[in-house]
Structure formats: C-alpha cells, structure tokens
Amino acid sequence: MTRIMRDSTTPADIPVAGTQLVAGYANGIYQWTPDGYARFPGIPHVYIDVNGTDPAGAGVLDIEQGDASIATAVSWVKARTALKPGAYPPIIYCDRSNMGLLTEAMTAAGLHIVKDYRLWVATLDGTAVLPDMLGVTAVQCKGEKMTGGHYDESIVYDDTWHAPAPPPPPPPPAPQYGYLVVHGNLAALTGRAVASLDGGRTWA
C-alpha cells in the first residue's frame with residue numbers, strides 16, 4: 001500500500017482532503033506553528049529539520065541547497081540514532097542528484113542505507129519510482145506545477161513509517177435480558193432472570 005504525503009511552506013495551502021501524511025518544518029524561516037499541524041487532525045505529522053539542530057524532534061533532515069549539508073547529515077543521523085534507539089531510521093530528504101554524494105559520505109562514516117538511515121527523494125517531475133528504491137521511504141514526485149497548488153506531493157512506500165493507528169474495536173453489544181423458564185405452565189411459571197452480553201448467543 002502507498003500513501004500520499006503533502007508538504008508546503010504554508011500549511012493553509014495544503015488541501016486536507018486526500019492528505020494521508022503531512023510534512024512541515026520544525027525550524028528555519030518557514031517553521032510551522034502548532035496551529036499549522038492542527039489543520040490536519042488524525043493525519044500523521046512529519047517534522048523536517050532544515051539546519052540540523054533538532055535531531056530529537058524531527059525525523060527528517062533536509063539537505064537541499066541552503067539547508068543542511070551532507071556533512072551535517074552524517075552527524076545528524078548519528079545524533080538522532082543515539083537519541084532515538086530502536087526508532088524508525090532517520091530520513092534524509094534530498095534531490096536525486098545528491099544521492100551518490102550522500103551515500104558516499106554515509107558509507108565513509110560507517111552508516112548504511114536501510115539499517116542506519118533512509119531516504120525521501122525529490123524528483124518533482126512526475127517520476128515516482130527510482131531505478132534503485134533501496135532504502136527509499138518516499139519519493140516527492142509532484143511539484144506545484146503538477147499539484148496545481150502551493151504544495152508538493154510525495155508517495156510514501158513504507159507502511160511502517162508513521163503508520164496510522166488501527167481503528168478502535170467495535171463496542172460490545174448492549175446487554176439483553178430475559179427469563180429462563182425451568183418448569184411450569186401458563187398458570188404458574190418457575191425460572192429465573194437471565195442476561196446475554198454477546199448479542200443473544202449465550203445466556204447466564
């Protein structure tokens with residue numbers, strides 16, 4: 001199963017309908033306020049760190065030009081892993097043109113794709129599947145020209161990342177009450193009151 005994730009510098013520009021995950025900025029000049037995320041109740045929230053200062057609160061680091069560097073990505077992944085042992089691997093958001101350099105730096109630091117970090121790759125030209133999808137959690141395949149609004153759209157391929165909470169179990173059936181006749185006739189009945197808590201399948 002795949003899911004649709006949307007992101008924007010302006011939360012109000014993202015349509016709520018059809019959004020299955022929403023991504024916003026944890027810091028930087030476009031930092032979202034709590035009200036921005038509040039527009040999307042019940043939808044998993046993704047937090048993006050743009051400068052490498054919030055490995056504790058953000059699960060994604062942005063290494064676009066003007067944001068964090070590849071060198072910062074190495075230290076950020078190590079910091080987040082230490083802060084969140086056993087959590088989903090840290091995610092690096094990058095353009096596909098930077099994937100090679102990023103992988104080289106991570107490997108040199110002893111970090112390995114899938115095990116130590118994963119990728120959210122930007123194509124923005126409609127390309128939703130890369131030739132090599134190893135460790136790719138999401139692909140940002142549609143930019144504003146394709147979405148028709150001030151937001152980008154990604155396809156999320158890993159169901160375990162920000163998995164939606166399972167629906168609550170249905171409420172138990174309402175008790176039903178009756179009278180069990182043990183002996184008697186129309187003139188005189190002998191028995192006891194009984195109740196069913198499973199829709200009438202059993203009585204006690």
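Structural remarks
- Selection status of Arg80, closer than 24 Å to Ile14 by Cβ and basic (Lys, Arg): no
- Members of region 17-40 found to be charged (D, E, K, R) and closer than 25 Å to Asp158 by Cβ, listed by number: Arg39
- Matching residues, region 144-172, being under 18 Å from Thr2 (Cα atoms) and assigned to a helix (DSSP H, G or I): Thr147
- The residue list Ala195, Ala204 contains one member that is in contact with a Pro (Cβ under 7 Å, 6 or more places away or on another chain), loosely packed, with under 13 Cβ neighbours inside 10 Å and over 30 Å from Ala87 (Cα atoms), which is Ala195.
- Test set (1) within 26 Å of Ile14 (Cβ to Cβ); (2) more than 22 Å from the chain's Cα centre (by Cα) - Ile48 fails condition number: (2)
- Test result for Thr127, touching a Leu at 6+ places or on another chain (Cβ under 9 Å), free of Cβ contacts under 8 Å to residues at least 40 places away in the same chain and of a type in the set (Ser, Thr, Tyr): no
- Ala128 falls short on exactly one of the conditions (1) loosely packed, with under 10 Cβ neighbours inside 10 Å; (2) in contact with a strand residue (DSSP E or B) (Cβ under 7 Å, 6 or more places away or on another chain), and that condition is (1).
- Residue match in region 117-131 (condition: part of a loop (DSSP other than H, G, I, E, B), modelled with pLDDT of 95 or more and over 23 Å from the mean Cα position of the chain (by Cα)): yes
Residues checked against (1) farther than 20 Å from Tyr88 by Cα; (2) outside the structural domain of Arg96 (by TED's automatic domain parsing):
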| position | (1), (2) |
| --- | --- |
| Thr123 | yes, no |
| Val129 | yes, no |
| Val136 | no, no |
| Gln140 | no, no |
| Gly143 | yes, no |
| Met146 | yes, no |
| Trp161 | no, yes |
| Ala165 | no, yes |
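- Residues of region 134-155 that are within 22 Å of His112 (Cα to Cα) and exposed (fewer than 15 other Cβ atoms within 10 Å of the Cβ): Leu134 alone.
- Positions within region 173-198 being modelled with pLDDT under 80 and part of a loop (DSSP other than H, G, I, E, B), in sequence order: Asn185, Leu186, Ala187, Ala188
The values are calculated or read from the model by the stated rules, or taken from the named source; none is laboratory data. No experiment lies behind these values; they were computed from the predicted model shown. A quick note on method: Cβ atoms are made from the backbone with ideal geometry, for glycine too, and the neighbour counts reach across all protein chains shown.
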